[in-house]
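The values are calculated or read from the model by the stated rules, or taken from the named source; none is laboratory data. As the structure is a computational prediction, the values presented were derived from the model and not from experiment. FYI the Cβ positions are ideal-geometry reconstructions off the backbone, even for glycines, and counts take in every protein chain you see.
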């Protein structure tokens, strides 16, 4: 599946902007959401080809949003890459158990992220 549209779910305006700029520079169309709840809504309305999900957010966290999106038949086919400052192996394992396809630790290296996107 060719990935063209990416939804960035992150409550940090700085992190979301950096990711959006990085993705746009590499030819992707970017939509953003600032909470887990908004990420779930936009996964249904925007129909992205990929979701980049932060973990630490107020309200619903990224683990909960990932689980909800990956278990909903309407959005289950959308791959999710967790992008978080939480870099413990237990965080990575939990993220993958919630339905994420991959996990990258912030700060995100552009080359690493682009390589992961290409493998999906």
How about region 8-30: which of its residues are more than 15 Å from residue 56 (Cβ to Cβ), out of contact with any strand residue (DSSP E or B) (no Cβ under 6 Å at 6 or more places or on another chain) and not in a helix (DSSP H, G or I)? 26, 27
Test residue 100 against the criterion of being outside any helix (DSSP H, G or I), modelled with pLDDT of 95 or more, surrounded by fewer than 19 Cβ atoms within 10 Å (Cβ to Cβ) and in contact with a helix residue (DSSP H, G or I) (Cβ under 9 Å, 6 or more places away or on another chain), and give yes or no. no
Could you say whether any residue in region 49-58 is at pLDDT 95 or above, crowded, with 18+ Cβ neighbours inside 10 Å and farther than 23 Å from residue 24 by Cα? yes
What's the number of the condition residue 8 fails, among (1) closer than 20 Å to residue 117 by Cα; (2) surrounded by fewer than 21 Cβ atoms within 10 Å (Cβ to Cβ)? (2)
